[in-house]
Amino acid sequence: MATVYVVVVEHNIVTALEQVIGDVDTPVPQTKLEVGTQLAENNRVNGCIDGRYYFDNPQRARIFAVLCLEFVRALVDKRMEVVKALPAGASYHA
């Protein structure tokens, strides 16, 4: 019986790291490129990185979860600086 580790991303935020014992219906990516491709495809289709990302070991899942959160933090930090620099009464749309 295989163990798979799942990183769940909802609203661009990691909401769960789960261990699944048994068969999963989704193929588990074996390379960083495969996971990156899935992430990019989710972002292209949905406009966000939401999804369930599967890994064959817990370390890879944890590293991916941290990278997702760092991506979101960088995005928020950049937007916060833009908003802080706006003159009073200015409009902003991201």
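The values are calculated or read from the model by the stated rules, or taken from the named source; none is laboratory data. Nothing here was measured: the structure is a model prediction, and the numbers come from that model. Heads up, the Cβs are rebuilt from the backbone with ideal geometry, glycines too, and the neighbour counts pull from every protein chain shown.
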*Within the range 72-87, track down each residue that is among the small types (Gly, Ala, Ser) and either in contact with a His (Cβ under 8 Å, 6 or more places away or on another chain) or closer than 21 Å to His11 by Cα (or both).*
Ala74
*How many residues, within the range 68-94, are within 11 Å of the chain's Cα centre (by Cα) and either modelled with pLDDT under 90 or over 30 Å from Gly22 (Cβ atoms) (or both)?*
3
*Residue match in the range 39-61 (condition: over 19 Å from Val76 (Cα atoms), without any contact (Cβ under 8 Å) to a residue 60 or more places away in the chain and assigned to a loop (DSSP other than H, G, I, E, B))*: yes
*Filter the range 1-50 down to residues that are touching a strand residue (DSSP E or B) at 6+ places or on another chain (Cβ under 6 Å) and of a type in the set (Gly, Ala, Ser), then give me how many there are.*
1
_With the requirement that a residue be surrounded by 13 or more Cβ atoms within 10 Å (Cβ to Cβ) and closer than 24 Å to Ala74 by Cα, what does the range 16-33 give you?_
Leu17
_Where Ala65 falls short, out of the listed (1) in contact (Cβ under 8 Å) with a residue 12 or more places away in the chain; (2) in a strand (DSSP E or B)_ = (2)
